[in-house]
Amino acid sequence: MLAGYISQLFFPDADKYVSLIETFGVFAIGYFVRPVGGVIFGMIGDKYGRKITFVIVMLLMSIATASMGFLPTYSSIGVYAALMFMLLRIVQGISFGAELPCALTFITEHAGKRYRSVHCGILISFVTLGIIMGTFTIYLLSAYLSDKEMLAYGWRIPFFIGGGLAIITFFIRFFTKETPLYKDQTDKPNNALWLLLTEYQKQISIGI
């Protein structure tokens, strides 16, 4: 939703379409690294607990998102601005790649068999609601601020809001309890990824 502004601020080019392609390319990087986050924090969650993973990924997300709002633009530090933006986008992608599976695991293990489907459905619904709220926020900003104001400071506001909400969520998660299923687990796997790849090929194929 902010690509038009970000392309001008971080990827200026004589051809505005090239700038947009570069901006969406950086946006896409966040998706490509999501599986990396899922693998890394999945192993951490299996060995050290769901809660610690749940807390760490939200801390990373809050830092990355809020930091985007503070970034200097291309006119200030040149290509380093674009590189910093890309690095933060990678952190965002890794965080969210771990966030959603971790949230589903956390809720599933707390809910019990009877309410798992309902609770997971509510979680996915709120993911979509978050996207709608973010889109609506940017719509309001672009409706009430001129293009000049959006380029000057308006584009930063959604990142501050998102980062602030993530920080609040971090503190909420900090006081949650570890899942009962994990606490009752006697053997914590040291080679969870290897077990996954060697013993669950069928489930992985179905998932893909």
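What to note about this one:
- Label-to-label distance, nm, for residues given as Ile21 and Ser205 (7 Å Cα→Cβ offset): 3.8 nm
- Longest DSSP-loop-exposure-free segment, chymotrypsin sites (Phe, Trp or Tyr not before Pro), the chain, at most 14 other Cβ within 10 Å: 1-152
- Accessible-area value, Met61, 1.4 Å probe, nucleic acids and ligands omitted, Å²: 40 Å²
- Annotated for the chain: lysine pairs at least 8 residues apart or interchain, Cα distance under 24 Å, count 16.
- Think of each Lys and Arg Cβ as +1 and each Asp and Glu Cβ as -1; about the Cα centre, that makes the dipole of segment 96-162 roughly 260 debye.
- Counting only DSSP H runs of at least 4 residues, each contributing -39500 (n - 2.57), and dividing by the residue count of the chain, the helix-based mean residue ellipticity at 222 nm comes to -26500 deg cm²/dmol.
- Karplus-based coupling profile of segment 104-120, in residue order and whole Hz: 5, 5, 4, 5, 4, 6, 7, 6, x, 4, 5, 10, 4, 4, 5, 5, 5, with θ = phi - 60° in 6.51 cos²θ - 1.76 cosθ + 1.60 and x standing for Gly or Pro.
- Among Ala98, Ser67, Leu9 the positive-end extreme of the charge dipole of segment 1-123 (Cβ point charges): Ala98
- Residues Ile63, Ile208, Ile107, ordered by accessible area of protein heavy atoms at a 1.4 angstrom probe radius and largest first, appear as Ile208, Ile63, Ile107.
- Cα-based radius of gyration of segment 87-162 once divided by 2.2 N^0.38 Å, which approximates compact folds: 1.48
- Cα convex hull of the chain, projected area averaged across orientations, nm²: 13.6 nm²
The values are calculated or read from the model by the stated rules, or taken from the named source; none is laboratory data. In this text the structure is predicted, and so the values were computed from the model without any measurement. Please note: Cβ atoms are built from the backbone with ideal geometry, for glycine as well, and neighbour counts cover all protein chains shown. What goes into the accessible areas is simple: the full protein's heavy atoms, side chains included, and nothing from ligands, DNA or RNA. Shrake-Rupley method; radii C 1.70, N 1.55, O 1.52, S 1.80 Å.
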